[in-house]
1. Going by the structure shown, is B:ILE179 farther than 30 Å from B:GLU287 by Cα, in contact (Cβ under 8 Å) with a residue 24 or more places away in the chain and open to solvent by 10 Å² or more (accessible area, probe 1.4 Å)?
2. Among the residues of segment B:135-157, are any free of Cβ contacts under 8 Å to residues at least 24 places away in the same chain and either over 28 Å from B:THR70 (Cβ atoms) or part of a helix (DSSP H, G or I) (or both)?
3. For A:ILE444, all conditions in the list (1) more than 18 Å from the chain's Cα centre (by Cα); (2) more than 7 Å from chain B (Cβ to nearest Cβ) hold save one; what is the number of the exception?
4. Conditions first: (1) under 14 Å from A:ASP449 (Cβ atoms); (2) touching a residue at least 40 places away in the same chain (Cβ under 8 Å). A:CYS172 passes all but one, so which condition is the exception?
5. Go over the candidates A:ILE349, A:ILE356, A:ILE372, A:ILE361 one by one and state the one that is under 17 Å from A:ASP257 (Cβ atoms), open to solvent by 70 Å² or more (accessible area, probe 1.4 Å), at pLDDT 95 or above and aliphatic (A, V, I, L, M).
6. Is it the case that B:MET427 is farther than 23 Å from B:ALA142 by Cβ and of a type in the set (A, V, I, L, M, F, W, C)?
7. In segment B:87-127, what residues are surrounded by 24 or more Cβ atoms within 10 Å (Cβ to Cβ), over 30 Å from A:THR239 (Cβ atoms) and of a type in the set (Asp, Glu)?
8. Could you check B:LEU170 against (1) at pLDDT below 95; (2) within 21 Å of A:LYS445 (Cα to Cα); (3) not aromatic (Phe, Trp, Tyr) and say which number it fails?
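The values are calculated or read from the model by the stated rules, or taken from the named source; none is laboratory data. In this text the structure is predicted, and so the values were computed from the model without any measurement. Heads up, the Cβs are rebuilt from the backbone with ideal geometry, glycines too, and the neighbour counts pull from every protein chain shown. The area values use the complete protein model at the heavy-atom level, side chains included, leaving out ligands, DNA and RNA. Shrake-Rupley method; radii C 1.70, N 1.55, O 1.52, S 1.80 Å.
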Number of protein chains: 2
Amino acid sequence: MAQSPSFEESAVCAALRERFGERFSTNAAIRDHHGRDESPFPAVPPEAVVFPESTEETAEVVRLCAAHRTPIVPFGTGTSLEGHVHAVRGGVCLDTSEMNRILSLNAEDQDCTVQAGVTRKRLNERVGQVGLFFPVDPGADASLGGMASTRASGTNAVRYGTMRENVLSLTCVLADGRIVRTGRRARKSSAGYDLTRLLIGSEGTLGVITELTLRLYGIPERIASAVCPFPSIRAAVDTVIELIQLGIPLARAELMDALSMKAVNAYSGLAYAEQPTLFFEFHGSAEGVDEQACTAEEIARLHEGGDFQWATKTEERNRLWEARHTAFLACLALRPGAKAITTDVCVPISRLTEVIEETRIDLEDSGLIAPILGHVGDGNFHSAILLDPDSEEEREKAHALNHRMVRRALAAEGTCTGEHGVGTGKMDFLEEEHGEALAMMRAIKQALDPMNIMNPGKMIRLPDPP
Amino acid sequence: MAQSPSFEESAVCAALRERFGERFSTNAAIRDHHGRDESPFPAVPPEAVVFPESTEETAEVVRLCAAHRTPIVPFGTGTSLEGHVHAVRGGVCLDTSEMNRILSLNAEDQDCTVQAGVTRKRLNERVGQVGLFFPVDPGADASLGGMASTRASGTNAVRYGTMRENVLSLTCVLADGRIVRTGRRARKSSAGYDLTRLLIGSEGTLGVITELTLRLYGIPERIASAVCPFPSIRAAVDTVIELIQLGIPLARAELMDALSMKAVNAYSGLAYAEQPTLFFEFHGSAEGVDEQACTAEEIARLHEGGDFQWATKTEERNRLWEARHTAFLACLALRPGAKAITTDVCVPISRLTEVIEETRIDLEDSGLIAPILGHVGDGNFHSAILLDPDSEEEREKAHALNHRMVRRALAAEGTCTGEHGVGTGKMDFLEEEHGEALAMMRAIKQALDPMNIMNPGKMIRLPDPP
């Protein structure tokens, strides 16, 4: 969207510039950077970008914007995948990167409070100094505020949960500039509605998250990783199902299909078997990890899994996980010049094999290259559909594949998005997934943001404001 | 509250009687039974009680009541503790006990779907047949719908979480009779607002929960329990803090103070040391439990804990836990004829000792008998303040003690209720705990229940409806 010619002359622009000076910009390059995420959708820059440093400054921005009915689009690191930061109704981008302080760290309580712009790697550097870590790992070095907003998870959610389970409370600026704190530092509470969970996953449509109190965990005494190839997706998935049923506390159980393994071999000069493969991680005491590992090898063998390649030292583990961590780039390199549509569905684990297998056939029939990766323990998987960005035909084909994937997941009692969120990309599926519940969401949105200025045009379709 | 003389002649009474026949009652004894929970507050019977058998029938009840602006008070087993079921604005009690079917059980996915009236013991009998269990254990054999409504937890939340973590999705009838399903069976989802968590803990004020999809867990290979006395509350709490920091996955870590131990000794003819005592439970593989047990004994010894009394066989464990399970009755027996006010606050675990110690002194100064019990791992503790129900002076004293306990918890960054909920008993504390967030809750309540007919007069104070 081109900048409205009048924005530079608008009262809201003048007010924000006067208040924030250098920390407010209408520069085209800055706007452009803030109008795109990692989705394949064309960039939609905001009309300006502002960089508040605190909850109070965020509230000032929101109050100024609210006074002029100017939309506000919160921005963390721009690593979302469904167009979450695209300024589809114009307005001001609220970049949280200057809210980057770790406000408190309570080692005995295993919690900390951070500003929303702190990234997960920075947090882990800091809390690692006292033997703690924050487990949620979506891959990208995203901001904690952004991760909460999209209800992010990643590779170790099977053990540690998602952002839903790992945020104790939030500070949020509502659409009228009021500041709310949704809870305290108690581990549990029955004191009123769970506003924390309501805001987690709300994608900036109910307010701007400015601070988070997070759960931390002790770094395990021992961490061991292993790679194991399987003759089929089913064999790999069934192995994970049985391990979970046996109560093995898998820290990670990542599936890569044969095509993904081929991609990482080529990209990183590795020599893994080009078969469906599980990447495991086990956390615990030395004896505990040994026992988990033994059981995992035994169950995998029953499902015709190959030999486990083990890594326990940090460097070895990093090398072993490199295949998984570089998978996205490796997949892109399967087709030079291609862009990827990253799909994201989640189903009950008992349905995972059939849904992946049907998807596999559908992808192959399409003629497009599309490796599959999954967080098996959660029933969540992705494919990276590679396409020529200049080919309208391929784009349409890829979108149709994505839609069929979602329909298949919904038919299997699953969800259209396991961890990436709705943004603009998945709005059309919410009606099908939620039915009447979507009307309930709409009622909440309208009650809390009656002018529809908080990240409008995302997640929930609304009638235009009065 | 006396039944309004006009209710029997009202249109809503006639309509409900015609539709539900024998499953609708205005009988005084039935009304009286439904007008009380386990709180010390005087009973407030509803004007009638209806027993729907399904979500659709519940929706019919709600639509009929909504058409006449008649309040609806959902009722599970009446084991709430803060006046949740008292019909303070009159209206119809919706008893869920006939919604008692287990609708599906998916062993591979470790989940099940039940009607709201199924109790946790019945559920565990059924799912135990396939080697699974549902962990949330608030003590009472409550209904799952009631447990979700109050965000219940209990002794093993430290390992397995509360109802917040163990409900995958809900079916709920909203204030206008619409039926919503808040999610599917996927383990995680980023598809829209987290209505599941919004309804959990909403105490019937946003709708009536009629069905729940629940997480289940494999019954551990080995369960071991142990009792250990400590020289002080601090020594016991510090032991638990260190065990959590070491990553020991405690399944239970229950604290009883010296007075509680004295009470159970007297009540059950036991001979425990009358000192602050921890009741532990460990779940895992045989080797895993042995290792956890060794570590726990070692850390306890460092804090001058006494010898562990162990129990691994089911019968021995039941005997050992009898002290904890009968604690409430045992405490009541310390003062024959007394009633108890059961308090419930939750603080960060690093603040637990100081808050308990200050509370201990305050209770002793009051002259009332009040043993203390706690779910240490969560920072949650209760006291049972024993009082003569006919003494206005004692009642006032007990309420004042409860208030000071809440203030102390809030000052320690804790919450006024860890697991019992708000009901009528803790409404006055929410303003202090939540500030502006309470206004946000009020906006949600008004958006979803504009006539304020869903369990009105509970949790959130509202202006009278237009």
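1. Judged against the criteria, B:ILE179 is a match.
2. Going residue by residue through segment B:135-157, those that are free of Cβ contacts under 8 Å to residues at least 24 places away in the same chain are B:137.
Restricting the remaining residues to those that are either over 28 Å from B:THR70 (Cβ atoms) or part of a helix (DSSP H, G or I) (or both) gives B:137.
Yes, there is a match, as at least one residue in segment B:135-157 is free of Cβ contacts under 8 Å to residues at least 24 places away in the same chain and either over 28 Å from B:THR70 (Cβ atoms) or part of a helix (DSSP H, G or I) (or both).
3. Only one criterion is unmet by A:ILE444, namely (2).
4. Failed condition: (2).
5. Working: A:ILE349 fails: open to solvent by 70 Å² or more (accessible area, probe 1.4 Å); A:ILE356 fails: open to solvent by 70 Å² or more (accessible area, probe 1.4 Å); A:ILE372 fails: open to solvent by 70 Å² or more (accessible area, probe 1.4 Å).
Testing whether each residue is under 17 Å from A:ASP257 (Cβ atoms), open to solvent by 70 Å² or more (accessible area, probe 1.4 Å), at pLDDT 95 or above and aliphatic (A, V, I, L, M) leaves just A:ILE361.
6. Values: farther than 23 Å from B:ALA142 by Cβ: no; of a type in the set (A, V, I, L, M, F, W, C): yes.
The answer is no for B:MET427.
7. The one that is surrounded by 24 or more Cβ atoms within 10 Å (Cβ to Cβ), over 30 Å from A:THR239 (Cβ atoms) and of a type in the set (Asp, Glu): B:ASP95.
8. Looking at each condition in turn, B:LEU170 falls short on (1).
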